[in-house]
Amino acid sequence: MNNDNILVIHPKDVTTDVLSVIYNDINATVLRQPTSKKRLKELIKAADRVIMLGHGTEYGLLSLVNHNPYAFIDSSLVYLLREKKDNIYIWCHADVFVKKYGLSGFSTGMFISETDEADYYNVKATAEEIWYSNNNFSRIVSENVHKKGSDILKALKANYKSAHSEVIIYNSERLYNFTKPL
C-alpha cells in the first residue's frame, strides 16, 4: 500500500492534533479545513485510500469550524468511500457509520480521548493517562498506516494495551476492522 494515492481528512481541532502523527511521515494529500462538497468528492474520487481522523458520531466526521457539523464526512459520501480499499475511520462511533453503510477498513468505536468523555462513560482516567493513551495509539497507527486495516488492528491489539489503565482497556475493546463480503 506504500504507493497508494492517500487522502487524509483531519478537521482542524487542537484536541485531535495528536492524530497528525499518523500521517506526518507519509506522502498524502491532507485536508484540514472544510471545502466545497464538490471539491471533497473530487479528492475522494482521486484517492486510492482515505484516512479520516477527528471527532465524530455515528453520522460522520465532524467539522467544529463550520456551520455544517458534517461538512467533512456524512452519508452523502458513502458511495465514494465504498469504492476505496482499506480506509481508516478514526472518530467516536465510526464503527456504527462503517457498519451501517457496508464500508471496509479499520475503525474505532467510542474512543475516549478527553477527560469529559472519560467522566461521561464512567472510565477512571487522569488527564495524563488519556494523554499517554492518545499518543500511544497514534504512534502505533502511524507505524502501521501503510498496512491493511486487519494488520493495524493486530498491531494495536498487540501493543496498545495495559492491565492498569482503564482508558486503554476501554478503548482497546472498541477497535474494529470491517471487510467487504466477497
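The values are calculated or read from the model by the stated rules, or taken from the named source; none is laboratory data. Every value quoted in this text rests on a predicted model; they were computed, and no experiment measured them. No Cβ is skipped: glycine too gets one built from the backbone with ideal geometry, and neighbour counts run over all protein chains shown. Each accessible area value is taken on the protein alone, full model and side chains, heavy atoms only, with ligands, DNA and RNA left out. Shrake-Rupley method; radii C 1.70, N 1.55, O 1.52, S 1.80 Å.
For Thr29, the solvent-accessible surface with a 1.4 Å probe is about 60 Å², rounded to the nearest 10. Taking the longest Cα principal axis of the chain as reference, the axis of helix 37-46 is set at about 90 degrees. Applied to the range 168-178, the Karplus parametrisation 6.51 cos²θ - 1.76 cosθ + 1.60 on θ = phi - 60° returns per-residue 3J(HN,Hα) values of 5, 4, 4, 5, 5, 7, 10, 10, 9, 10, 9 Hz, with x for Gly and Pro.
Are there trypsin sites (Lys or Arg not before Pro) in the range 78-115 that DSSP marks as loop and that have at most 15 other Cβ atoms within 10 Å, and which are they?
Numbers: sites: Arg82, Lys84, Lys85, Lys99, Lys100; in loops: Arg82, Lys84, Lys85.
Passing sites in the range 78-115 are Arg82, Lys85.
Comparing mean-square fluctuations of His55, His93, His164 from a GNM of the chain with C-alpha springs under 10 Å, the top value falls on His164.
Calculate the translational D of the range 75-182 in whole µm² s⁻¹ from Stokes-Einstein, where the hydrodynamic radius comes from the Kirkwood formula applied to all Cα pairs, the temperature is 25 °C and the viscosity 0.890 mPa s. My calculation gives 171 µm²/s for D.
Length gained on full extension, Tyr176 to Tyr101: 25.5 nm, using 0.36 nm per residue less the C-alpha separation. Rounded to whole numbers, the Karplus 3J(HN,Hα) couplings from phi for the range 118-125 are 4, 4, 4, 9, 6, 9, 6, 7 Hz, using 6.51 cos²θ - 1.76 cosθ + 1.60 with θ = phi - 60°, and x at Gly and Pro.
Build a GNM of the chain with springs between Cα atoms under 10 Å apart, and of Glu129, Glu42, Glu114 the one that fluctuates most is Glu42. Based on alpha carbons, the Rg and Dmax found for the chain are 15.3, 47 Å. Evaluated with a Cβ-only charge set (Lys, Arg +1; Asp, Glu -1), the chain carries a dipole of roughly 880 debye about its Cα centre, given to the nearest 20.
Quick check: net charge around Lys99, other residues with Cβ under 14 Å of its Cβ, Lys/Arg +1 and Asp/Glu -1? Local net charge: +2. Between amide H atoms placed 1.01 Å from N, distances below 5 Å from Met52 occur with Ile9, Ile88, Tyr89, Ile90, all of them 5 or more places distant or on a separate chain. Phi angles across the range 145-152 convert, under the Karplus curve 6.51 cos²θ - 1.76 cosθ + 1.60 with θ = phi - 60°, into 3J(HN,Hα) values of 4, 7, 8, 5, x, 5, 6, 4 Hz, Gly and Pro given as x. Largest accessible area first, the residues Tyr160, Tyr79, Tyr132, Tyr176 order themselves as Tyr132, Tyr79, Tyr176, Tyr160 under a 1.4 Å probe with ligands, DNA and RNA left out.
First obtain the Kirkwood hydrodynamic radius of the range 1-99 from its Cα pairs, then insert it into the Stokes-Einstein equation at 10 °C and 1.306 mPa s, and state the resulting D in µm² per second as a whole number.
Details: Rh = 13.4 Å.
Roughly 119 µm²/s, to the nearest whole number.
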